[in-house]
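Participant: Quick one: the structure is below, questions incoming.
Throughout, read-outs are computed from the coordinates displayed, never taken from laboratory work. This one's a predicted model, so the numbers in the text were calculated from it and none came from an experiment. Cβ placement follows ideal geometry from the backbone for every residue including glycine, while neighbour counts extend to all protein chains displayed.
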Amino acid sequence: MKHFVGKSPAAMVACLGVVLAGAVPAQATVNVTVGNSTQPWLGFMNVFNLPSDGGAYQFGGPWGVPDLVATFDDPNDKLTLSPNTIGDPNPYWYIGGGGPGAPGNKIMEANLYIEMTDDALAGQTMFFDGTVLSNTFTSAHQSYIFIRDFAPDYSTFNQTIVPALPGPFSISLALDPGPGRHVQYGFQTVGVNVWFTDTAPFGNVVIATPEPASLALLALGGLAVLRRRR
């Protein structure tokens, strides 16, 4: 499966919408879903040169969720992932300088994710479930769904990553049993940067999100099982 390996930000807050699967022992699995804008979503961007310029890694760092570009529509239970944009007209970002119609000069790897640092997850298998309603990206962009399990110092990680194809998805990853690890799950959008007025022709990915009432039930169920384990 095609993917880009990026750098990672420091640990942040743990996700609420967690529930251990009832069909297997409580210590064995943890299920997570997409969630909505009230969840503690984080953004991280890695930037590379174009393949025609050698594709070298340039830099990476935390990135605002709206700037990824990721848009939550809570009333309609949807998340839309669009091509990455930069409003800076500098030729570093756009060939010949930025503006409507200007071709992008970088490859941007946008990561939208929730990070969990609870040692109660160690050694379990995480399942990430949801539905991709549509994917209209052109060949200039790709979208992926992932679970990542980082070492305490973020030096290495294990991951499951798959393309965001239309339809239901369910991916899993056996988490390392060691303490102090950082588990992330979410979405990655990779492709050339696009001037902000030019995104529509490049398409997007639309993902279903649970209704708030469903999220509340998931959170309560997960907290109850974690208390029993401890």
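Participant: Quick one: grab the alpha carbon gyration tensor of segment 59-124, order the square roots of its eigenvalues as a ≥ b ≥ c, and give me rounded if a/c is under 1.5, else prolate or oblate depending on whether a/b is larger than b/c.
Facilitator: Because a/c hits 1.5 or more and a/b fails to exceed b/c, segment 59-124 counts as oblate.
Participant: On to the next question. According to a simple spin-label model (label point 7 Å from Cα along Cα-to-Cβ), what is the distance in nm between T199 and S37?
Facilitator: So the two model labels end up 1.3 nm from each other.
Participant: Run the quick spin-label model on N158 and D129: label points 7 Å from Cα toward the beta carbon, then report their separation in nm to one decimal.
Facilitator: Taking the two extended label points, one gets 2.2 nm.
Participant: Ok, one more. Contour minus end-to-end for I95 and A208, with contour as 0.36 nm per residue of separation and end-to-end as the Cα-Cα distance?
Facilitator: Working it through step by step, the gained length comes to 37.1 nm.
Participant: Mind giving me the nanometre distance, one decimal, between the label points for D67 and D118, set 7 Å out from Cα along Cα→Cβ?
Facilitator: According to this spin-label approximation, the distance is 3.1 nm.
Participant: Further, regarding this structure: Within a 10 angstrom radius of the beta carbon, how do L68, L173 rank from fewest other beta carbons to most?
Facilitator: Working: L68 24, L173 20.
Starting with the residue having the fewest Cβ neighbours, the order is L173, L68.
Participant: What order do you get for 94-106, 186-198 when each peptide is scored by the mean count of other beta carbon atoms within 10 Å, highest first?
Facilitator: 186-198, 94-106
Participant: Still on this structure, please answer the following. Report the calculated FRET efficiency for S52 and T136 (r = Cβ-Cβ distance, R0 = 22 Å), to the nearest 0.05.
Facilitator: Computed FRET efficiency for S52 and T136: 0.30.
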